[in-house]
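Participant: I have a structure here, written as structure tokens, and I will follow up with some questions on it.
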Amino acid sequence: MLIEAAKLAPRWNAELALVYEREKQKGNCNQATLAVARKLVAYLMAVDRRESAFKPRVAEVAAQPA
């Protein structure tokens, strides 16, 4: 399940997309997916340590012209 989540996560999270692209440029898509999986585990461990709900960082959205 973690690997499947790691395959989809870069599509929805810019930070994880950067992790994926950085590792992919080193040559191996599987290694890039594992790097994203490790980052996801780090997120899970941080939430567990804090014993609080996960609160994703929200990027500021520029005001859209009318």
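None of the figures in this text is laboratory data; all of them are computed from the coordinates on show. Only a predicted model underlies this, so the values are computations on that prediction, with no experimental measurement involved. Don't worry about glycine lacking a Cβ; one is built from the backbone with ideal geometry, like all the others, and counts go over all protein chains shown.
Participant: Give me a count of the residues in region 1-42 that are assigned to a helix (DSSP H, G or I) and either in contact with a Phe, Trp or Tyr (Cβ under 8 Å, 6 or more places away or on another chain) or among the aliphatic types (A, V, I, L, M) (or both). Give the derivation first.
Facilitator: Applying the first criterion (assigned to a helix (DSSP H, G or I)) to region 1-42 yields 2-12, 14-24, 29-42.
Filter again for either in contact with a Phe, Trp or Tyr (Cβ under 8 Å, 6 or more places away or on another chain) or among the aliphatic types (A, V, I, L, M) (or both), leaving 2-3, 5-6, 8-10, 14, 16-19, 32-37, 40-42.
Total satisfying the criteria: 21.
Participant: Does region 1-29 hold any residues that are among the polar types (S, T, N, Q) and over 9 Å from the mean Cα position of the chain (by Cα), and which are they?
Facilitator: Filtering region 1-29 for residues among the polar types (S, T, N, Q) gives 13, 25, 28.
Residues satisfying the conditions are 25, 28.
Participant: Here's another thing I want to ask about it. Within region 16-27, can you find the residues that are surrounded by 11 or more Cβ atoms within 10 Å (Cβ to Cβ) and free of Cβ contacts under 8 Å to residues at least 24 places away in the same chain?
Facilitator: Answer for region 16-27, where residues must be surrounded by 11 or more Cβ atoms within 10 Å (Cβ to Cβ) and free of Cβ contacts under 8 Å to residues at least 24 places away in the same chain: 17, 18, 19, 20, 21, 22, 23, 24.
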